[in-house]
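Encoded as structure tokens, the structure appears first; notes follow it.
The values are calculated or read from the model by the stated rules, or taken from the named source; none is laboratory data. Computed from a prediction, not measured in an experiment: that's the story for all the values here. Here the Cβ positions follow ideal geometry from the backbone for every residue, glycine too, while neighbour counts run over all protein chains shown.
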Ligand code: GLU
């Protein structure tokens with residue numbers, strides 16, 4: 001099943017439990033608008049090449065569309081539709097007044113020069129200018145997109161519209177309307193959830209071991225925070241390979257290695273594995289923090305972790321979810337576990353609209369109770385409904401989304 005089929009299967013399961021009528025399930029399931037564009041890029045070699053870009057605006061019943069943009073060769077429309085749908089669920093789960101969207105460009109950004117990357121980013125905004133805006137749809141970073149890319153995009157939008165509309169995009173650099181705490185926010189939120197899981201399951205903290213697949217912004221900050229808090233990080237992986245060391249790894253040292261040599265997988269020490277093999281190693285908490293569908297019905301049977309904390313979007317295929325649940329492995333779903341990123345994006349947007357900028361302590365002091373409260377609500381609902389945390393999160397979100405659609409006359 002591709003990510004969209006997985007997402008719709010998750011919806012169908014929750015819709016049944018929430019007793020939604022089929023017409024309501026359809027109203028929530030499909031995107032409100034899908035935009036597909038062809039972006040011309042003048043290459044450094046003087047040739048024009050075309051790149052395909054997407055924006056799927058899934059649902060804005062609770063507030064403006066919100067969600068990241070990814071630059072990746074595997075981007076396709078079904079993937080973006082699934083990711084946009086998960087954003088709608090995510091913003092509702094964490095309770096911010098926004099809807100869900102996602103976008104992307106089919107490109108390997110590593111193959112572009114910096115000036116080409118800038119021209120492509122600006123080209124995306126020119127193609128999408130009528131559809132985005134601080135009160136319409138607010139993009140943000142996702143896989144392979146950075147604060148610098150967000151700055152080029154925001155600048156392009158401001159030039160096109162002739163105003164300082166900094167709230168059009170979040171995840172910007174601090175020099176240009178960014179929020180303190182945004183870069184680390186997804187990992188930070190994931191860490192707050194880890195603390196709750198350890199408390200709830202009464203795990204002995206000194207014995208908890210963690211393996212993280214994905215060493216981009218999300219995986220790195222999560223591993224760093226967990227390491228600093230005294231958890232043992234036994235495995236780390238990027239797209240090229242993994243390292244596993246029962247004695248523990250220091251994520252900051254591994255980052256220095258990756259920056260110097262281009263990959264972490266040649267790091268001196270520990271066992272060297274493929275990124276996929278890391279998922280099956282011994283650890284207490286497994287943290288997929290890279291791409292979708294990395295856990296399927298085959299490797300779900302081999303996972304040794306007792307908890308999976310989803311920091312990637314959609315890392316577990318629908319069929320694998322059932323196997324993991326049956327095996328008693330606790331899955332903390334993406335729509336809760338990685339919602340710290342979009343929550344601090346929302347804070348950034350509020351700061352841009354009010355021109356009142358917050359300290360990092362103020363950002364974290366607002367983020368933590370929101371994450372803890374959502375975790376508690378979902379845990380209680382999962383106990384009450386006798387279901388898994390993902391389905392409980394969907395039921396909670398659907399109540400809020402359908403509620404807004406009803407009062408607005410959309411259903
Ligand atoms: N790309 C991130 C996500 O999947 C953040 C989205 C945002 O900040 O709007 O949640």
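Criterion first (in contact with a strand residue (DSSP E or B) (Cβ under 8 Å, 6 or more places away or on another chain), at pLDDT 95 or above and not in a strand (DSSP E or B)) does residue 243 satisfy it? When the stated conditions are applied, residue 243 does not pass them. Filtering the stretch 184-206 to residues that are assigned to a loop (DSSP other than H, G, I, E, B) and surrounded by 21 or more Cβ atoms within 10 Å (Cβ to Cβ) leaves only 184.
Would you list the strands (runs of 3 or more DSSP E) that sit entirely within the stretch 32-125 and hold 3 or more residues that are touching a residue at least 60 places away in the same chain (Cβ under 8 Å)?
33-42, 48-59, 65-72
Residue by residue, here is whether (1) closer than 24 Å to residue 204 by Cα; (2) within 19 Å of the chain's Cα centre (by Cα); (3) crowded, with 17+ Cβ neighbours inside 10 Å; (4) more than 15 Å from the ligand (Cβ to nearest atom) holds:
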{"residue": "278", "(1), (2), (3), (4)": "yes, no, yes, yes"}
{"residue": "294", "(1), (2), (3), (4)": "no, yes, yes, yes"}
{"residue": "302", "(1), (2), (3), (4)": "yes, no, no, yes"}
{"residue": "310", "(1), (2), (3), (4)": "yes, yes, yes, no"}
{"residue": "362", "(1), (2), (3), (4)": "no, no, no, yes"}
{"residue": "369", "(1), (2), (3), (4)": "yes, no, no, yes"}
{"residue": "373", "(1), (2), (3), (4)": "yes, no, no, yes"}
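Determine if the stretch 126-137 includes at least one residue that is in contact with a strand residue (DSSP E or B) (Cβ under 9 Å, 6 or more places away or on another chain), within 13 Å of the ligand (Cβ to nearest atom) and within 24 Å of residue 58 (Cβ to Cβ). For the stretch 126-137, residues in contact with a strand residue (DSSP E or B) (Cβ under 9 Å, 6 or more places away or on another chain), within 13 Å of the ligand (Cβ to nearest atom) and within 24 Å of residue 58 (Cβ to Cβ): present.
Of these, 188, 196, which one is within 26 Å of residue 366 (Cα to Cα), within 14 Å of the ligand (Cβ to nearest atom), touching a residue at least 24 places away in the same chain (Cβ under 8 Å) and touching a helix residue (DSSP H, G or I) at 6+ places or on another chain (Cβ under 7 Å)?
Result: 188 is the single residue among 188, 196 that is within 26 Å of residue 366 (Cα to Cα), within 14 Å of the ligand (Cβ to nearest atom), touching a residue at least 24 places away in the same chain (Cβ under 8 Å) and touching a helix residue (DSSP H, G or I) at 6+ places or on another chain (Cβ under 7 Å).
Taking the stretch 161-183 as the range and being assigned to a helix (DSSP H, G or I) and closer than 22 Å to residue 102 by Cβ as the test, the residues that pass are 166, 167, 168.
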